[in-house]
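Note sheet for the following structure.
Every number here is computed from the coordinates shown, using simple stated rules; none is lab data. Only a predicted model underlies this, so the values are computations on that prediction, with no experimental measurement involved. Cβ sites come from the backbone with ideal geometry, for glycine too, and all protein chains shown count toward neighbours.
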Amino acid sequence: MTIKEISVDELAELLEQGAPLVDVREPDEYAAARVSGGVLVPLATVPDHLDAFATEGPTYVICRSGGRSMRACEFLAAQGREVVNVAGGTLAWIESGRPVDSDA
């Protein structure tokens with residue numbers, strides 16, 4: 001099964017259009033720096049929170065660098081969800097100079 005991936009540049013455009021974003025990092029990582037508009041669903045809890053992922057149209061999935069989000073995408077695709085991995089994750093978002101939200 002091939003999971004579609006997009007760049008952070010593509011994600012930025014999609015978020016402006018209201019695309020759903022799920023962050024599968026841990027709560028402390030999410031609190032420190034996150035892409036605005038994302039919803040936290042830590043990777044280990046994804047099976048218990050399928051309702052966080054759209055049943056119509058794609059949900060975009062992000063983590064720190066793209067690994068955990070790819071694992072989440074593989075699981076979700078097997079459940080029949082349309083998911084897209086964000087290549088490079090939050091690190092690529094920050095490196096691109098885009099702003100992040102934080103609890104700090």
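This ranking places Thr2, Thr45 by how few other beta-carbon atoms lie within 10 Å of each, fewest first, which gives Thr2, Thr45. Here the ratio of the Cα radius of gyration of segment 4-95 to 2.2 N^0.38 Å is 0.95.
Counting only DSSP beta bridges with both residues in the chain, the antiparallel share comes to about 10 percent. Couplings 3J(HN,Hα) for segment 47-58, derived from phi with the Karplus relation 6.51 cos²θ - 1.76 cosθ + 1.60 (θ = phi - 60°), are x, 8, 10, 4, 5, 6, 10, 4, 8, 10, x, x Hz, where x marks Gly and Pro. Amide H to amide H, with H built 1.01 Å from N, Leu40 comes under 5 Å of Asp23, counting only residues 5 or more places away or on other chains.
When Val41, Val86 are sorted by how many other C-beta atoms sit within 10 angstrom of their C-beta, beginning with the fewest, the order is Val41, Val86.
Farthest toward the dipole's positive end in the chain, which of Ser65, Ser102, Pro20, given Cβ charges of +1 (Lys, Arg) and -1 (Asp, Glu) about the Cα centre? So the residue we want is Ser65. The charge dipole of segment 4-95, taken about its Cα centre with unit charges on the Cβ of Lys, Arg, Asp and Glu (plus for the first two, minus for the last two), comes to roughly 220 debye.
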